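Since every read-out is calculated from the coordinates, none of them should be taken as a lab result. Worth saying up front: this structure is predicted, and the values here are computed from it rather than measured. Note that we place each Cβ from the backbone using ideal geometry, even for glycine, and neighbour counts take in every protein chain shown.
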């Protein structure tokens, strides 16, 4: 066996250490990390004043796509009725069930208007009626009650 001098031993040990670090790194990179679970909660206030947390089911792709299209349509409708720009209107809808699970899904809708203004009651009523009509006229024939529609401005004033 050929004797190694001190510098060769250090180089050999450094190389071996580098190979071990690379191997361990590849091992940990290859490990799958647990994915966080997404859930949505809806706080429901019951007539007796109690609050009930409802965990919403995750929508399937078809339901999500349909709801996003409705949100875009509602954004245009509300912009026309209020005189606001489309980017000043945030519409969020959710379904209590998947489209494939029922013939008549129940929808909830929240609207935030990026304005400090309050609107005439008639304008707000027209917006609410427009939201209800848009879902009634859809081929899915989803239902949305006026109680499931919330409209607020950016001062957190509830307009409906």
A chain fully extended from residue 129 to residue 150 at 0.36 nm per residue, minus the present Cα-Cα distance, gains in nm 6.3 nm
Give the percent of DSSP beta bridges with both residues in region 60-153 that are antiparallel, rounded to the nearest 5. 55 percent
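Compute and list, largest first, the equivalent-ellipsoid semi-axes of region 60-153 from the alpha carbon gyration tensor, each √(5λ) rounded to a whole angstrom. Let's see the in-between values first.
Details: eigenvalues 113, 34, 23 Å².
Equivalent ellipsoid semi-axes, largest first: 24, 13, 11 Å.
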Say each of residue 26 and residue 76 gets a label point 7 Å from the Cα, pointing the same way as Cα to Cβ; how far apart are those two points in nm? 5.4 nm
Express in nm, to one decimal, how much length is gained between residue 53 and residue 69 on full extension, taking 0.36 nm for each residue of separation and deducting their alpha carbon distance. 3.0 nm
